[in-house]
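Read through the structure below, which is laid out as C-alpha cells, and then see the notes.
Rule-based calculations on the coordinates, nothing more; no lab input. As the structure is a computational prediction, the values presented were derived from the model and not from experiment. Every residue, glycine among them, receives a Cβ derived from its backbone with ideal geometry; neighbour counts consider all protein chains shown.
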Amino acid sequence: MWFGDLAKAAIVSARVARDGVPAGWLYREDPDHDGDSGWRVFAGDESQEYVDDSANAAVVPLRDLIKAEPALEELFEAPSGSAFERGADGFVKAER
C-alpha cells in the first residue's frame, strides 16, 4: 500500500476525468507546486492539439484516480521521470 499524500493532485485529460475513458498513458515529472504530485494522466488517444488546450484538462486528487482505478495506486509510487502505458495485461513501463 502506498503511503504518499493522496490529497496531492494530477493533471488529467478530460477524456479520463470527464468522459470516463480509462487511463492509458501516464507519466510523472517534477511537481510544479506543493499540491502537485507531478503525475500527468491521459487516455492515450488525445491529439497534441487536444492536449495543448487547457480546457481539456482537469486537476484531480490522486485518491480519486485510485478510487476509479485501483491499479494506479502502485504506479503512483514511482519517481519523477517514470512513464507507464496500458498493455494487454495491465500497465507496463514506457519511454517518455
Quote the charge dipole size of segment 9-80 about the Cα centre in Debye, to the nearest 20; the model charges only the Cβ of Lys and Arg (+1) and of Asp and Glu (-1). 260
Indicate, rounded to the nearest 5 percent, the antiparallel portion of the DSSP beta bridges found entirely in the chain. 85
List the GluC sites (Glu not before Pro) within segment 50-79 that DSSP assigns to loop and that have no more than 13 neighbouring Cβ atoms inside 10 Å. GLU77
Under the rule rounded for a/c under 1.5, else prolate if a/b exceeds b/c, else oblate, using alpha carbon gyration tensor axes a ≥ b ≥ c, segment 9-80 is classed as oblate
Rounded to the nearest 500, what is the chain's calculated 222 nm mean residue ellipticity when only DSSP H runs of at least 4 contribute -39500 (n - 2.57) each, over all residues? -4000 deg cm²/dmol
